[in-house]
Amino acid sequence: MNALLPALTIAAAALACPVAAQSADRTVLQTLSGTFHSPSVEDWYGGYGTREFVFADGRWSLTFIHAIDPGMTQRTFQFRTGGAYEVREASGAVPGAFHTVFDQGWKHLTLLTPVPEIAAAMGMADCGLIVNLEADISETGCAAWRPVADCGQDHDLLALSADGLHFGQRPADNDMCTADRTPTALLTAVVAR
């Protein structure tokens, strides 16, 4: 189990959005186009991170960068994934949000720290990663990221509010691979670039 996962619970709770999203038409969410990013550095995985989502033509991608300092100068890893997505039924738990399935057709990971102890603490020591060289972990997985064959979808929430675009609060084990793992709360918004 990834050493960062216990810290995820604390970070996710800090990022949870206490207000309900405004009602958005499902078609609007299914036809998103553009780039949405963290408006500032966020608490993630016992450290800090930024999220950037790109939507176009019914597809999505995520670039997540993690660091151990709030200035994001001591970066540890970058994770990228993407694929098609489908906005499904309205959430019964979060007004204004929709259950959305994000396909993860590929998963790429870049180790950004040369410090082996940090990589080991994050569960990445045995993944065969080379610092600053992106690796395709789609078939093998690494740390808490399971191979695409074992977890090729994220069952998430998607909503719009006056603050921006919201995704669901991730569980402590980061597992949203099946519909029963769909979040019941929202994270703070990412905003249009």
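Checked against the criterion of being open to solvent by less than 60 Å² (accessible area, probe 1.4 Å), touching a Ser or Thr at 6+ places or on another chain (Cβ under 9 Å) and either part of a strand (DSSP E or B) or under 15 Å from Y85 (Cα atoms) (or both), segment 121-134 contains not a single residue that satisfies it. Of the residues making up segment 68-78, those that are in a strand (DSSP E or B) and surrounded by fewer than 21 Cβ atoms within 10 Å (Cβ to Cβ) are R75, Q78.
Taking segment 174-193, which residues are out of contact with any Asp or Glu (no Cβ under 9 Å at 6 or more places or on another chain), open to solvent by 60 Å² or more (accessible area, probe 1.4 Å) and in a loop (DSSP other than H, G, I, E, B)? Once the filter is applied, which keeps residues that are out of contact with any Asp or Glu (no Cβ under 9 Å at 6 or more places or on another chain), open to solvent by 60 Å² or more (accessible area, probe 1.4 Å) and in a loop (DSSP other than H, G, I, E, B), segment 174-193 yields T178, T184.
The residues of segment 33-44 that are without any contact (Cβ under 8 Å) to a residue 60 or more places away in the chain and touching a Leu at 6+ places or on another chain (Cβ under 9 Å), listed by number, are D43, W44.
In summary, E139 fulfils each of the numbered conditions (1) open to solvent by less than 50 Å² (accessible area, probe 1.4 Å); (2) more than 18 Å from the chain's Cα centre (by Cα) with the single exception of condition (1).
Tell me, please, whether a residue that is crowded, with 21+ Cβ neighbours inside 10 Å, of a type outside the set (A, V, I, L, M, F, W, C) and under 30 Å from E89 (Cβ atoms) can be found in segment 146-159. Yes - at least one qualifying residue is present in segment 146-159. Among the residues making up segment 46-60, those that are surrounded by fewer than 18 Cβ atoms within 10 Å (Cβ to Cβ) and within 10 Å of G82 (Cβ to Cβ) are V54, R59. Counting just the residues of segment 89-120 that are of a type in the set (S, T, N, Q) and in a strand (DSSP E or B), which one comes out nearest to D156 (Cα to Cα)? In this case the residue turns out to be T100.
In segment 82-120, of all residues being without any contact (Cβ under 8 Å) to a residue 40 or more places away in the chain and touching a His at 6+ places or on another chain (Cβ under 7 Å), the one that is surrounded by the most Cβ atoms within 10 Å (Cβ to Cβ) corresponds to R88.
The values are calculated or read from the model by the stated rules, or taken from the named source; none is laboratory data. The structure presented is a predicted model; accordingly, all values stated were derived computationally and were not measured. As a convention, Cβ positions derive from the backbone with ideal geometry for all residues, glycine included, and neighbour counts pool all protein chains shown. For the accessible areas, the whole protein counts, side chains as well, though only heavy atoms, and no ligand, DNA or RNA atoms are used. Shrake-Rupley method; radii C 1.70, N 1.55, O 1.52, S 1.80 Å.
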